[in-house]
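These notes are about the structure you will find just below.
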Number of protein chains: 2
Amino acid sequence: MRALPGPFRALSTFSSHFTKSFSTTSFCAAKFQPPKLDLTMAEFTTRTGNLLDRSVIESTLRRRMFYTPSFEIYGGERGLFDYGPPGCALQANVVDLWRKHFVLEEDMLEVDCTMLTPEAVLKTSGHVDKFADWMCKDPKSGEIFRADHLVEGVLEDRLKADKAARGQTVEVDEAKEAKKKKKSKEAKAEKLDDALVQEYEETLAKIDNYGGDELGELIKKYNIKGPTTGVDLEPPKAFNLMFQTQIGPSADKPNGYLRPETAQGQFLNFQKLLEFNQQSMPFASASIGKSFRNEISPRSGLLRVREFLMAEIEHFVDPEGGKKHPRFDEVKDTKLSLLNRKTQLAGSTKPDTVTIGDAVSSGLVDNETLGYFLVRIQDFLLKLGVDHSKLRFRQHMANEMAHYAADCWDAELFTTYGWIECVGCADRSAYDLTVHMNKTGAPLVVRETRAQPLVIEEYQIDLERKKLGPKFRKDAKAVEAAVDALSQDLREKLSLELQQNGKIEVDTPGVGSGKTELEKDLIKIEKRKRTEYVREYTPNVIEPSFGIGRILYSVMEHVFWTREGDGARGVLSFPPTVAPTKVLLVPLSGHQDFKPFIKKLTARLRRVGVSNKVDDSSASIGKRYARNDELGTPFGITIDFQTVKDNTLTLRERDSTKQVRASEDDIIGAVKSLVDGEETWEDVAKRLPAFEGQDLE
Amino acid sequence: MRALPGPFRALSTFSSHFTKSFSTTSFCAAKFQPPKLDLTMAEFTTRTGNLLDRSVIESTLRRRMFYTPSFEIYGGERGLFDYGPPGCALQANVVDLWRKHFVLEEDMLEVDCTMLTPEAVLKTSGHVDKFADWMCKDPKSGEIFRADHLVEGVLEDRLKADKAARGQTVEVDEAKEAKKKKKSKEAKAEKLDDALVQEYEETLAKIDNYGGDELGELIKKYNIKGPTTGVDLEPPKAFNLMFQTQIGPSADKPNGYLRPETAQGQFLNFQKLLEFNQQSMPFASASIGKSFRNEISPRSGLLRVREFLMAEIEHFVDPEGGKKHPRFDEVKDTKLSLLNRKTQLAGSTKPDTVTIGDAVSSGLVDNETLGYFLVRIQDFLLKLGVDHSKLRFRQHMANEMAHYAADCWDAELFTTYGWIECVGCADRSAYDLTVHMNKTGAPLVVRETRAQPLVIEEYQIDLERKKLGPKFRKDAKAVEAAVDALSQDLREKLSLELQQNGKIEVDTPGVGSGKTELEKDLIKIEKRKRTEYVREYTPNVIEPSFGIGRILYSVMEHVFWTREGDGARGVLSFPPTVAPTKVLLVPLSGHQDFKPFIKKLTARLRRVGVSNKVDDSSASIGKRYARNDELGTPFGITIDFQTVKDNTLTLRERDSTKQVRASEDDIIGAVKSLVDGEETWEDVAKRLPAFEGQDLE
């Protein structure tokens, strides 16, 4: 395993949006604001303007089994989570929407490739050598730390202590502080030199860019010790983030990995996909599936996990002609909140609101295809219920990107953890197809008949083969190969020499002295015209890459709020399209008369494709609704004694808790059109009579 | 790694349908017909009565990218396949249907658990010790063989050679045979003793039940050598079929596996799921996801792979009361083709056609819940396009099942590979929940308030604790525990002794001599009544388990046929619900006037949720349709000059190639109701005017 130099951090950034955010950097907003770190996190407020306490939403989500730590009865396994019924339904709906929004709408070629991947593939892609983080071991306790996180944590603590010492914090509970001091080696109020403060801040701003040796030096220089033991740590070692395994019984050592991204499978199938697409360009492939990263120390719940669902698009485009997109016109007036590189360099985090048309024409966003996808990504996120004011697109800094990258933007969502990178949208250029083609010889290229044949003027060489053979014997082939390999520049030079001297000298490694003289009876060099009818090129790749788990978690924070009133309860205001369950059926009581209605309604709703649940428990209607507000169920239908009489039903909307009452047909029709997004609740409330009679508690 | 005794084969069978069919047995029909092997495979004919040549369908499926070997440009990796666009869409539709048919229809609790699994979990489940196959190494070539497959192959060859020698085959091309003989060590016609023939046949019938030592003995006894080298093989060694890996940076050896089934994740979440279901029983959990098995030598295309999609249901049911199912009445008259244990023992493969009501009441199928699921499985498979005459349910033989199993039936589909186990439906009893509870102490049980409190008469013990402490001091607790642990039988006996002798002697391991005397001032034993208000029980599990890849492949064989005519081409007659693409849009030519119609139609179809593709290539309409018949697209819409004039369209049906012509609204409406399954093509053809004018070639 090699050291991890700067460039691969960039490469890894490129290889997918996760690489960077899941493994080589933290995701807190401050991280992305060079040159100065903003240590105070902006506050996260819900739609009702209240501060969101993360422990409240996380405990709600776990209690209602949106997600749960895996293998909990066995003590759990860090960085692994299971989705329970509502989380699973939410995930399925988001995936379904993604498929419709991207794959079907854009006619993409979806593929499902295996997660098990032979070593050779990931060797070529660079992951085997460079996809690693730096870890430090505490020799006394055996604990392992991610080196950059460790340095970062200690320096941040010291800066906080300095702030405190400078009187920038107030009212410190002394008893509490004394307790804390015992636990932590860092004093809570300790002034630093002004110069040191600046140095720390600069180090933190560059924390993502240090290699192992540099991190080791920082640890020594800043006297950072094992946090629990206080002893010197072992020097940083590279830890490859891929899970290794052995495929088949004959391997005597690990010969494969679990994929760290879905992209490679798509690249390897490029030739077949192009053929499937009847050789027509541009086109995109897409893939939805699990990927794996062996995080050194997973934290932050669903945001940094070892097994996660990704949805990735590889859009293959001709690098010539400015990477135009045929549907760019449809989106050009859409506004995006763009935090560009220049702004970040100036130390600000204030994004500009710009139409994508302007952003592309000014060169801020590199090309139309990239710009088109940024808009499509925004549309998708908004459909899921993302709060527009908590969405921004952040441009990668030059040192975050790979050397071959044209441009890269992340869609970031603001959460209680700060700004989280949830979608990456990068221009990977021709890098991946090129390395795999070079390694395997497979023609991962497009061959296109030229509309206008291309006439090329070049120096061509004729060898007098009949004489060459007898003269050079066993070396004849090597000489011929050396001559064939001559560049156009050399050929031009040699043609002049040949004219002037009647002979030339050619480098022929391995033949005689390494140089071979050729006289003009053996060789002729002439400038001639050649016509090329077919153009061959390696497509560039624009890659929008979605971390579904991160998106799910962020959306849940965005739609969560607390309904005031006695026993204030959480509400998850998912849009109907993505809500785990669409309709809750609530019979007034367990009375026998209600049962046939429930059965009929369930069947009818299912037939029109609306998922529904029955809650016929003995709790009050109000309680049952509250319980389902927490699950994000947008609509509720009550069956009461009036229903038995005249087959009318009440329909309740989750966010407003307003109700309407109408015939079964009208209510079913309204639900269907609400769930399909053809009507809003306001539309329905206008055309159906309001209902206020029911006692919900 | 321990040897692999008989019982675990059964256990493994039980742990999911794959275990057996994917790893411990082959899937050819002959395998399931004890006591005699039927060496001639029945022929597989398509719906038009023609013999299906497997190479034809497999090459079509690969050419059209339904699936493709993974990593092919790197030389491929055996047992791994990628799904291309049509395969991927087919898979997504099948999964969607599964979710609707089972999860939504039956209100199941879907969960999505991680594939990475810590060792402890799979140690408890038995997989670490026993989930293995036997492999043999050729010391000369290094080749590795699955021991049972090797024995089987050689014996089958010898039996064939015997048949040939007995004149049961005809016309042997001698030159060809001579060539073959050189390659293979087995002579092509070589008579065996009658006794040996019988011995071979008996061995083959039992091939699934041999352990490693027995296989080793068979190899010696029958003089089986390395097939390519002719040398003696190394003795069989157990090879665990799970992929091993290292989770986290601190492990110094592998500490986890990729799951071999989704079931364990569901069991571990039982408590939380019961809580989510408001403590109400019965209920089912369900899971769709990839599982992994490190096959020794994968073969047979999609049927035996190392990474595969499973859909599993764990239905938790009270073991008391006969495992009734509330919806059994709805299905009781449905007929199934059941190949029961008795028939198989009699050497026949002729299934009986029985209603599930009769099968359950006669005890053939163990209980209602199992029976209910068999019907639901059949319904599901038929919806996918399975040929009813190629579906049977085969009951497991006693030695295929685990000792704790009540009953187990496999849904098998007939293919060119023989009868393939595609869905297993087993009663796993309380096994899994019990072992995990015993290991972790988590209460994986149901606690239910008894409708009638249960009065229990039992011997109860009172200890005089005040005297016990001073008397036994540090041993007091141990004595108390030993007394508490006394069985009812012992208590009865001791109460008599106490009455008679005024003292008793109790086994107290680790205290004094191991026996402790207690006098009647210390202990009282009395028969008393106790009332139990809560019943606690471990649910049983009925587990329908689906191998999605096997189902996909089998369905593709079932719906494939060849249309006669010049340039006969394949047709995949998928039902509209599961067809990868529903509608092909075909403009008569590339004429500009057609473009707006195409655009409008595409958008309209998408809006009503109908996936569609445009083929505007320059091929004839007939060719374009033929190309899409191969992809299984059920409907085609042609846009011609008449369309431009009057906005009418023609609609073509794939199987009949019949067409109708009507207004855009009528055609879209018809397509929608065809795809939703509300109308058949016959319905549509009756109500819309036929069209025969178009020249398709």
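Values in this text are rule-based calculations from the coordinates and carry no lab data. In this text, all values refer to a predicted model and were calculated from it rather than measured experimentally. A quick note on method: Cβ atoms are made from the backbone with ideal geometry, for glycine too, and the neighbour counts reach across all protein chains shown.
Report the extension gain between A:A442 and A:Q460 in nm, rounded to one decimal, defined as 0.36 nm multiplied by the number of residues separating them, less their alpha carbon distance. Before the final figure, lay out each step's value.
Working: separation 18, 0.36 × 18 = 6.48 nm, distance 2.77 nm.
Stretched out fully, the A:A442 to A:Q460 stretch lengthens by 3.7 nm.
Non-local amide H neighbours of A:A579 (under 5 Å, H modeled in plane, Pro and chain starts lacking H): which ones?
So A:A579 has HN proximity to no qualifying residue.
Between beta-carbons, use under 11 Å as the cut-off and find the net charge around B:G322, counting Lys and Arg +1, Asp and Glu -1. It would help to have the intermediate numbers written out before the result.
On the way: positive: B:K323, B:K324; negative: B:D318, B:E320, B:D366, B:E368.
So the surrounding residues net to -2.
Starting with the fewest neighbours, write out B:E368, B:E234, A:E214 ranked by other beta-carbon atoms found within 10 Å of each beta-carbon.
Values: B:E368 24, B:E234 14, A:E214 18.
Ascending number of Cβ neighbours within 10 Å: B:E234, A:E214, B:E368.
Kindly give Rg over Rh for the range B:487-549, based on alpha-carbon atoms, with the Kirkwood expression for the hydrodynamic radius.
Details: Rg = 22.0 Å, Rh = 15.9 Å.
Rounded to two decimals, Rg/Rh equals 1.38.
If you average the alpha carbon positions of the range A:73-89 and of the range B:116-164, how far apart do those two centres end up, in angstrom?
With the range A:73-89 and the range B:116-164 each reduced to a Cα centre, they are spaced 34 Å.
Quick one: compute the contact order of the range A:449-535, relative version, from alpha carbon pairs under 8 angstrom and 6+ residues apart, as a percent.
On the way: 108 pairs, mean separation 45.0, N = 87.
About 52 percent, as a whole number.
For chain A, take the longest principal axis of its alpha carbons; what is the angle in degrees between that and the long axis of helix A:194-205, to the nearest 10 within 0 to 90?
The answer is roughly 80 degrees.
By how many nm would the segment from B:T449 to B:A603 lengthen if fully extended, with 0.36 nm per residue of separation less the alpha-carbon distance?
Details: separation 154, 0.36 × 154 = 55.44 nm, distance 5.66 nm.
Full extension of this stretch gives 49.8 nm more.
Two-decimal Rg/Rh of chain A from alpha-carbon positions, Kirkwood Rh?
Numbers: Rg = 31.8 Å, Rh = 29.7 Å.
Here Rg/Rh amounts to 1.07.
Along the positive direction of the dipole of the range B:449-535 (beta-carbon charges: Lys, Arg +1; Asp, Glu -1; about the Cα centre), which of B:L496, B:L486, B:V534 reaches farthest?
Toward the positive end, the furthest listed residue is B:V534.
Name the chain B residue with the Cβ nearest the axis that maps B onto A: which is it, and what is the distance in angstrom?
Spelled out as residue then distance in Å, it is B:T245, 2.
Taking chain A as the reference, fit the longest principal axis to its C-alpha atoms, fit the long axis of helix A:147-165 to the helix C-alpha atoms, and give the angle between the two in degrees, 0 to 90, nearest 10.
60 degrees
Note down the nm distance, to one decimal, between modelled labels 7 Å out along Cα→Cβ at B:S389 and at B:D194.
3.8 nm
For A:N50, place a label point 7 Å out from Cα along the Cα→Cβ vector, do the same in each other copy, and report the separations in nm, one decimal, smallest first.
Ordered by increasing distance: 6.9 nm.
Please report the spacing between the Cα centers of the range A:303-365 and the range B:576-619 in Å, no decimals.
The two parts, judged by their Cα centres, are 30 Å apart.
Could you give the angle, 0 to 90 degrees to the nearest 10, between helix A:85-98's Cα long axis and the longest principal axis of the Cα atoms of chain A?
It works out to around 50 degrees.
What dipole magnitude, in Debye to the nearest 20, does the protein assembly as shown give about its Cα centre under +1 on Lys/Arg Cβ and -1 on Asp/Glu Cβ? Write out the running numbers ahead of the final one.
Working: 202 positive and 216 negative charges, 317 e Å.
Value, rounded to 20: 1520 debye.
Going by how many other Cβ atoms sit within 10 Å of their own, how do B:H315, A:H325 line up, fewest first?
Working: B:H315 25, A:H325 21.
In increasing order of surrounding Cβ atoms, one gets A:H325, B:H315.
If you take every DSSP beta bridge fully contained in the protein assembly as shown, what fraction is antiparallel? Give it as a percent rounded to 5. It would help to have the intermediate numbers written out before the result.
Values: 178 of 202 bridges.
The antiparallel fraction comes to roughly 90 percent.
For the pair A:D252 and A:K471, how long in nm is the line joining their label points, each one 7 Å along Cα→Cβ?
Modelled inter-label distance: 5.2 nm.
Based on the alpha carbons, how large is the Rg to Rh ratio for the range A:517-578 when Rh follows Kirkwood? Show your work: numbers first, answer last.
Numbers: Rg = 33.5 Å, Rh = 19.4 Å.
Computed over Cα atoms, the ratio is 1.73.
Compute the Cα gyration tensor for the protein assembly as shown, then decide on rounded, prolate or oblate, letting a ≥ b ≥ c be the square roots of its eigenvalues: rounded whenever a/c is under 1.5, prolate when a/b is larger than b/c in the other cases, and oblate in all that remain. Walk me through the intermediate numbers first.
On the way: a/c = 1.31, a/b = 1.17, b/c = 1.11.
Taking the square roots of the gyration eigenvalues as a ≥ b ≥ c, the protein assembly as shown is rounded.
What order do you get for B:K335, B:K237, B:K221 when you list them from fewest to most C-beta neighbours inside 10 Å?
On the way: B:K335 15, B:K237 18, B:K221 10.
With the fewest neighbours first, B:K335, B:K237, B:K221 line up as B:K221, B:K335, B:K237.
Counting Lys and Arg as +1 and Asp and Glu as -1, each charge on the Cβ, what is the dipole of the range B:568-697 about the Cα centre in debye, to the nearest 20?
Working: 20 positive and 20 negative charges, 91 e Å.
Roughly 440 debye for the range B:568-697.
As I understand it, the dipole of the protein assembly as shown uses +1 on the Cβ of Lys and Arg and -1 on the Cβ of Asp and Glu, about the Cα centre. Which of A:T117, B:V660, A:F472 lies farthest toward its positive end?
A:F472
Taking the Cα atoms of the range A:581-687, what is the range of coordinates along each of the three principal axes, in descending order and whole Å?
In descending order, the Cα extents are 35, 29, 24 Å.
What nm distances, shortest first, do you get from the label point of A:K206 to those in the other copies when the point sits 7 angstrom along Cα to Cβ?
7.5
Which net charge results when you count Lys and Arg as +1 and Asp and Glu as -1 among the other residues whose beta-carbon is under 10 Å from that of B:G216? Can you show the working numbers first?
Details: positive: B:K220, B:K221, B:K237; negative: B:D213, B:E214, B:E217, B:E234.
Neighbour charge sum, excluding B:G216 itself: -1.
Dividing the Cα convex hull volume of the range B:223-353 by residue count, how many Å³ per residue is that?
Details: hull volume 35.1 nm³, N = 131.
Roughly 268 Å³ of hull volume per residue.
Can you give me the C-alpha center-to-center distance between the range A:653-697 and the range B:370-403, rounded to a whole angstrom?
Each part's Cα centre sits 43 Å from the other's.
In the range A:493-587, what GluC sites (Glu not before Pro) fall in a loop by DSSP, with at most 13 other Cβ atoms inside 10 Å?
Details: sites: A:E497, A:E505, A:E517, A:E519, A:E526, A:E532, A:E536, A:E557, A:E564; in loops: A:E564.
Loop-located and lightly packed - A:E564.
Quick one: work out the % antiparallel among DSSP beta bridges in the range A:581-687, nearest 5.
In the range A:581-687, approximately 55 percent of DSSP beta bridges are antiparallel ones.
Count the DSSP beta bridges whose two residues both fall in chain A, then state the antiparallel fraction as a percent rounded to the nearest 5. Each step should come with its number before you reach the end.
Values: 88 of 100 bridges.
Once the DSSP bridges in chain A are tallied, antiparallel ones form about 90 percent.
Given charges of +1 on the Cβ of Lys and Arg and -1 on the Cβ of Asp and Glu, with all other atoms neutral, how large is the dipole of chain A about its Cα centre, in debye to the nearest 20? Let's see the in-between values first.
Numbers: 101 positive and 108 negative charges, 252 e Å.
That gives a dipole near 1220 debye.
Ordered shortest first, which distances in nm separate the 7 Å Cα→C-beta label point of A:K595 from those of the other copies?
List, nearest first: 6.3 nm.
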